[in-house]
Amino acid sequence: MWREVSFFLWIIFGGTAGELCLSRAMKTVGEVTDFRPRALIRVMLRVIKVKWMWIGLTLMTLAFFGFLGVLSLDNVSFVVPVTALSYAVSALGSGVFLGERVSRQRWAGVLLVCVGVALVFAGKG
Amino acid sequence: MTSSAGLRFKTYLLILIMVIFGPVGDVLLREGMRRTGKLTTWAPAGVFHFFVRTFTIGTIWLGIGSLVVFFVAYMLVLSWADFSYVQPASTLSYGVVALMGYFLLGESVSLTQWTGVGIICLGVFVVGHTHPRTTEPE
């Protein structure tokens, strides 16, 4: 069990920190309004110059290897819902790191997600 | 200026792509990892050989391809919508993953777990009724 818990901590904290960095990088680039392939390539070329993108990608790659590791041990229908625990971490991080206002309604949604994850964990045979 | 309805349509379309390709990628990865075997060591050499073996399996690459599609949609939507909005909204994929694991891979999912997945989806519904952006564009 300790092995799975280690993997989940690795995935949740590494992955969430990585996604926060990516979000910060995309906010720097600005809203994408043109979805034609050439325009998307231009966006990608701008994105790869942002340092937060590289920090985020590194963290997410490490989290991905952790994800593969825990998938070798447990069912996908158990592993993926448990990783939703990252919502508590991400809601905190969004307010502190990105300056986003997390409303009461969003907090309520996040809380429900966390209760659901707890049940998924508790229901494991 | 982007209209509120247009912004919502664009956001929901990309979230739909995320909800389909994310779970398909996860299921393919699980199938690939079943073929790889269990990671039971922390020794660097053992971990290295484990992942080398992992990446020789075609199903893993199909899973990664599907997750790349998910990832591109995710990055695009993050360029205008708040992270704390997009991430919970994409949790609908947790329900899809549980269904796919149950029906496609034959995994056992208990009643308590189904209840948990249902509550996660309810959480997604609650989050989905907030505006996708709370900060002004820079």
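Checking the conditions here, which among A:Val96, A:Val80 is aliphatic (A, V, I, L, M) and more than 15 Å from the chain's Cα centre (by Cα)?
A:Val96 is the lone residue from the list that is aliphatic (A, V, I, L, M) and more than 15 Å from the chain's Cα centre (by Cα).
Quick one: would you say A:Phe67 is closer than 28 Å to B:Leu39 by Cα and under 13 Å from the mean Cα position of the chain (by Cα)?
yes
Might you check whether a residue that is in contact (Cβ under 8 Å) with a residue 12 or more places away in the chain, buried (at least 21 other Cβ atoms within 10 Å of the Cβ) and part of a helix (DSSP H, G or I) occurs anywhere in region B:3-10?
No, region B:3-10 has no match at all.
Being more than 9 Å from every other protein chain (Cβ to nearest Cβ) and of a type in the set (D, E, K, R) is the requirement here; does B:Arg34 meet it?
Criteria not met by B:Arg34.
Cβ-Cβ below 9 Å, separation at least six or inter-chain, first residue in region A:98-113 and touching a residue at least 40 places away in the same chain (Cβ under 8 Å), second in a loop (DSSP other than H, G, I, E, B) and buried (at least 16 other Cβ atoms within 10 Å of the Cβ): which pairs?
As it stands, the answer is A:Leu98/B:Asp82, since those pairs meet every condition given.
In this structure, does B:Ser66 turn out to be crowded, with 19+ Cβ neighbours inside 10 Å, among the polar types (S, T, N, Q) and free of Cβ contacts under 8 Å to residues at least 60 places away in the same chain?
For B:Ser66, the condition - crowded, with 19+ Cβ neighbours inside 10 Å, among the polar types (S, T, N, Q) and free of Cβ contacts under 8 Å to residues at least 60 places away in the same chain - is met.
Only one residue in A:Leu111, A:Leu98, A:Leu92 is at the interface with another protein chain (Cβ under 7 Å from one of its Cβ atoms) and either more than 15 Å from A:Phe8 (Cα to Cα) or charged (D, E, K, R) (or both). Which one?
Just a single option satisfies the conditions, and that option is A:Leu98.
Every read-out reported here was derived from the displayed coordinates using simple, explicitly stated rules and does not represent laboratory data. Since the model is a prediction, treat every value here as computed from it, not as a measurement. Using ideal geometry, Cβ is built from the backbone for each residue, glycine included, and neighbour counts are taken over all protein chains shown.
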